[in-house]
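S.K.: Structure in structure tokens, see below.
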Amino acid sequence: MAVVPGAGSRHEPLMRRAAGLVLGAAAVVLAGCDLFEPPAAERAETGERAEAPTADGAFRHSQSEDLSGFYTPVAETGEGEGRLLLVFIGQPADFEAWEKGTRNSEFAPVMLEFAGGERVLPERYEVSDSRVRFSGTSEALGRVTLDARLDGGTLALARRNLGTAEDPAMEGAVTVGGRTYGGVKFAWSMGGG
């Protein structure tokens, strides 16, 4: 005897029941997704990573080399609390997370740190093997930008020597609160100072 779909097959109740169980299980799984994640407001208060919408085109990276590390100015750049201490560039995973919207109020894949303890996170960045462009705003320092060229050969040498190279690994212009410092040379290191 042939079973004709829709004609009252003896398996039809079992199939409906299985479909109901699958849909019910999916609903439970989806409903439980937020059980282990505190609300966004609580994550922000504790400094935990929170999901933020991505800004189209504001954050781009295309480096094929490992640029991660700390880039410190060879000569003093800035004054007082606005003196630049370092430029931090993170690992590829840091860039990918940031660009997908995983953000933290204290850390970014590219950020600048100043003598007054101010850490400026990006509103825009573009990072490649040969260039770093950054733009951010600080309440204390105002608009902060960086437009610098990377020297891949010097950076590779510094990385092999764990931070010692005669030539700067990066050179460019830094603007802090309306004042621009040109020709700033940066030495690379694995640590922050």
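S.K.: So which residues in region 70-93 are open to solvent by 40 Å² or more (accessible area, probe 1.4 Å) and touching a residue at least 12 places away in the same chain (Cβ under 8 Å)?
M.R.: Restricting attention to region 70-93, the residues satisfying the condition of being open to solvent by 40 Å² or more (accessible area, probe 1.4 Å) are 70, 74-76, 79-81, 83, 85, 91-93.
F70, V74, A75, G80, E81, R83, L85, Q91, P92 - these are the residues of region 70-93 that are open to solvent by 40 Å² or more (accessible area, probe 1.4 Å) and touching a residue at least 12 places away in the same chain (Cβ under 8 Å).
S.K.: Right, next: Out of (1) farther than 17 Å from Y125 by Cβ; (2) modelled with pLDDT under 50; (3) among the aliphatic types (A, V, I, L, M); (4) surrounded by 13 or more Cβ atoms within 10 Å (Cβ to Cβ), what's the single condition that is false for A52?
M.R.: Tallying (1) farther than 17 Å from Y125 by Cβ; (2) modelled with pLDDT under 50; (3) among the aliphatic types (A, V, I, L, M); (4) surrounded by 13 or more Cβ atoms within 10 Å (Cβ to Cβ), A52 fails exactly one: (1).
S.K.: Condition first: without any contact (Cβ under 8 Å) to a residue 24 or more places away in the chain and either farther than 14 Å from V74 by Cβ or touching a His at 6+ places or on another chain (Cβ under 7 Å) (or both). Now tell me which residues in region 157-169 satisfy that.
M.R.: L157, R160, N161
S.K.: Within region 163-183, track down each residue that is farther than 15 Å from V87 by Cβ and within 24 Å of the chain's Cα centre (by Cα).
M.R.: Hit for region 163-183 is G177, nothing else.
The values are calculated or read from the model by the stated rules, or taken from the named source; none is laboratory data. All of these numbers come straight from a predicted model, not from anything done at the bench. All Cβ positions, even for glycine, are placed from backbone atoms using ideal geometry, and neighbour counts span all protein chains on display. Just so you know, the surface numbers come from the protein's heavy atoms only, side chains and all, with ligands and any DNA or RNA stripped out. Shrake-Rupley method; radii C 1.70, N 1.55, O 1.52, S 1.80 Å.
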